[in-house]
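Working notes for the structure below.
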């Protein structure tokens with residue numbers, strides 16, 4: 001059974017903002033600031049959604065998403081980045097910067113599509 005959301009972003013302020021928005025919406029949220037740790041957590045635990053920043057230490061969000069698709073094909077991943085070219089490589093993409101409403105809409109859309 002899924003345990004909530006995993007948020008992976010190396011920027012502490014963004015991690016806090018995303019966690020705050022998701023927790024206020026009633027979700028349980030785990031956080032990390034490292035790509036390799038995000039992959040390890042997402043491979044070992046089942047999350048409703050994994051939110052990944054593209055630029056992180058040790059592994060990028062795209063690398064985590066690609067490996068996660070192999071390990072857990074049903075995993076839902078939302079990739080965030082200021083680099084719009086990255087969005088072409090991930091079905092669910094949220095361009096940075098974003099606000100609370102854009103985050104909420106992206107999460108809702110992804111969960112409804114799954």
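Brief remarks follow.
- Between segment 43-74 and segment 78-111, the Cα center-to-center distance that results, in Å: 14 Å
- Per-residue Cβ neighbour rank within 10 angstrom, fewest leading, 34, 113, 9: 113, 34, 9
- Net length gained if the chain between residue 69 and residue 24 were fully extended (0.36 nm per residue, minus Cα distance): 13.4 nm
- Projected label distance in nm at residue 11 and residue 84, using a 7 Å step from Cα toward the beta-carbon: 1.7 nm
- When Rg and the Kirkwood Rh are both derived from Cα coordinates, the Rg/Rh ratio for the chain amounts to 0.91.
Taken together, the values in this text are just the output of simple stated rules run on the coordinates, not laboratory data. Being a predicted model, the structure only gives us computed values, none of them experimental. Positions of Cβ are generated from backbone atoms using ideal geometry, with glycine treated the same way; all protein chains shown enter the neighbour counts.
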